[in-house]
Each structure stands twice: as C-alpha cells, then as structure tokens.
Amino acid sequence: MADPMKIRASLKGDVADIRVLVSHPMENGQRKDNAGNTVPAHYIQTMTVEIGGKPVIQGQVGTAVSRNPVFGFKVKGAKAGDKVVIKWRDNKGETRSDEAAVA
Amino acid sequence: MRKPRILGALCAITSLGIAHAQTAEVDHAKADAEFAKFRAEMEDSNPAELFELKGEELWKVKRGPKSVSLAESCDLGLGVGKVEGAYVQMPRYFADANAVMDAERRIVWCMVEKQGFKFADIAKKPFQGANDTNPPEITSLVTFVAGHSRNMKFAVPLKDPKVKEIWEIGKEITNYRAGPYDFSCNTCHGSDGKRIRMQNLPNIGTHEGAVKGVMGWPGYRMTGGVMLTHQWRMNDCFRQQRFPEPKYASDTVTALLTYMTANANGAVYKGPGIKR
C-alpha cells in the first residue's frame, strides 16, 4: 500500500489554498539502475480533488513530474470545515486516497 | 604635468578594482537571497515531512529481534521516549554507552542495543543512493526526531567536560591536512568569504558559519529527490577532499558534528530542510 499524502488546506477569503505532498517514486521508465537494467516506469497518471463531495479538479500527471511531488491548488467557494479528498491512481493501478478539512 | 595624469590613471584603476570587488559582494548577497526565497517557498511543503511521518511510524512500532519500540526503550538524553527538543541538544554524553553521540549515532545505538538489530546490517546501506526510491529507515527516524526540535534553540551541552573534549577533537580534525590534495576542512570552511563556483562556503569556526552548516540537515535534496542526514553530509565532505570515507557512525563524524553544532548554539533550528 502506498504511503499517505500530506494535505494542507487553508482558507483565504473564499479561496481555499490546497497544498498536497505526495509520496511516490515517479519513475519515468528511462533510468537505469546500477546493474544497467532499465527501471520500470511507475508514475501517477490521474489525480482528483473533491471538496465537500464535489469534484473540483481532475488532472492528468505524467513522467515529467518529480519524485515525491508537491501540488498546489486554489479553489473558489470553499467553506471552513469542508472535507477535501484527494485521490491518485498510477500506471500500475495502485491508488491512494487521503482527506483533510479546510481550516 | 605628467605626474598628476599618471596618478589619475592609477586612481581610476584602483577604484575600478574596488567596484569589481563590490559587485562580487553584491552577487554573493543576491545569490544567498535567491536561495533564501526558494527555501522559504519550498519549506511550506517540504517532502521531508513525508519522512517525518514514516520515521514516526518506525519510532512507535515494535520491531527488531527483541520486538520493542524505540518509543518505549530509547533515551535520546531527555528521558526514555522523549523526542521534543532532543535533536538540538545532541551531540551529548550518554553514560549507558560511555560515549558522546550525535542523534543518528544514538538512534543506531538504540536499534542495536534495545531492538537487537545488527550494526553491520544497518551500516551496509546507511544513506539513500540516487537510484533508491526510499531512504533507509534510519534516515526517516533521524528526520522524525529532528522535526520535533523545530523552532528550538541549539543547546549542545558544552559545559560537560566529556562533550568539550570531543569538541576539541572536532576542532583538531577540521585543521587536519592530508589526502592527495593536502586538504583540510578549513581549506574551504576556515575563513570568511570563500566560495566554490556559485556556492558560498560557510566558515564553520564562527557562529554564523556554523549556523549555515547545521541548518537544514537532515535535508531533502531536490536533485534526485533524496532524503539525507547530516552524517551523510560529513561523509560527502571527506569524499570531496579525496579522503577515505569514515565508517558509518564513526567517532570522527560525531566529533565534527559536535564542533559544528556547538558553535551554532543559541541559533533557532528550523527543522528538516530542503536543499538544491
């Protein structure tokens, strides 16, 4: 099972500033290990952000994104206490979902 | 008639020289300011936090042949299981081990003595390599412990004669010139205003320089996305000097960390950092 994400969501006016740290190797499939074998690709392909049960962001992520990436979103119309749910799915079919409350 | 003209030309040359030196100074400050901006932006969401989480898990769970947790067995100098403020008060003297130890070395000692792990197994791969997806467990543990000293002041107990002795040895090591380049730590880090390419080199013998040397370790290095400890940094200094690298958790590294961290005493530690 993948490691947890770290989500922070803070409200500035009616705009929620969401920051998420994702724990993922994000292997692009082009690197070679010390023995010269290609390291198989392993990266996040899709990511979704829901606020209060409503999907607000659907994104596609590719191999150009770094290992353990940080994402930042600004979402209008959020209220304090709204539940933020972030999900990702990688090319091996692994998924992870974590949540936090808008503070 | 001729004399004043020459004098004038000389003056012009001198002032040119000064102007050039001033530009270099400004560039130094500018580069530092740009790095500071970058860190401020990144510290807000530093991937090091992911390893603090992992380290916390490892700290609390019962592991090893003896099946005990570090939380219930490991004393980092402030009592068994207490991590708040422990990182900024190490290296310190531990009577049970009869040695001065830095944070990483102490945790390794606990893993061996309390949990029953074999030192050789930990020392086999103590640091994260460029091709490794995750750092070794010990790195996450150090990051977790360091994270619990965030915004606290460095306070290495230098009044303890045993710690002071190791501090003196550390100072001696920074002066020791050897290797194919006849280098010592102080060749680069012993005076103010030096740099390698674009990197300003701190003078670790001074308080300000030592603060720069200890701040941000353990750190997440953007290049390659690896989590590294201050022990790793010391080993890398030896590598760059073309010295043989010290054994893992060696006395030499503890002495250097004692020297540097104690010189930074009084400065506020900002927690695990982010590096280029």
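The numbers here are math on the coordinates, done by the rules we state, and not lab data. A quick note: this is a predicted structure, and the numbers were derived from the prediction, not measured. Methodologically, a virtual Cβ is constructed for each residue, glycine included, from the backbone with ideal geometry; neighbour enumeration extends over all protein chains shown.
Using the Cα coordinates of segment B:46-275, the gyration tensor eigenvalues translate into equivalent-ellipsoid semi-axes of 27, 20, 17 Å, sorted from longest to shortest. Restriction of the trypsin sites (Lys or Arg not before Pro) in segment A:48-103 to DSSP coil positions whose beta-carbon has at most 14 other beta-carbons within 10 angstrom yields A:Lys79, A:Lys92. Quote the FRET efficiency, to the nearest 0.05, computed for A:Lys74 versus A:Asp33 with a Förster distance R0 of 35 Å and r equal to the Cβ-Cβ distance. For R0 = 35 Å, the calculated efficiency reads 0.35.
Over segment A:38-80, the alpha carbon radius of gyration divided by the compact-protein estimate 2.2 N^0.38 Å works out to 1.48.
Computed on chain A, the Cα convex hull volume stands at 92 Å³ per residue. Using a cutoff of 8 angstrom between alpha carbon atoms and counting only pairs six or more residues apart, the relative contact order for segment B:148-251 works out to 15 percent. As a length-normalised measure over Cα pairs under 8 Å and 6 or more apart, the relative contact order of chain A settles at 33 percent. Subtracting the Cα-Cα distance of B:Asp132 and B:Lys194 from their residue separation scaled by 0.36 nm leaves 19.0 nm. Normalising by the residue count of segment B:46-275, find the relative contact order in percent from Cα pairs under 8 Å and 6+ residues apart. 25 percent. Put a plus charge on the Cβ of each Lys and Arg, a minus charge on the Cβ of each Asp and Glu, and nothing anywhere else: the dipole of segment B:46-275 about its Cα centre is then about 300 debye. Within chain B, which complete DSSP H helices have Cα atoms spanning at least 30 Å along the helix axis and a mean Kyte-Doolittle hydropathy of -1.0 or higher? Helix filter hits for chain B: B:2-43. Can you give the FRET efficiency for B:Lys124 and B:Val80, using 1/(1 + (r/R0)^6), R0 = 41 Å, r = Cβ-Cβ distance, to the nearest 0.05? Once the sixth-power term is evaluated, E becomes 0.90. Between the alpha-carbon centres of segment A:26-103 and segment B:102-125 there is a gap of 34 Å. Secondary-structure-derived ellipticity at 222 nm for chain B, considering helices only, amounts to -15500 deg cm²/dmol, per-run term -39500 (n - 2.57) for DSSP H runs with n ≥ 4. Per residue, the convex hull spanned by the alpha carbons of the protein assembly as shown comes to 218 Å³. With the simple spin-label model, which puts each label point 7 Å out from Cα in the Cβ direction, the A:Asp14 to B:Ala33 separation comes to 3.9 nm.
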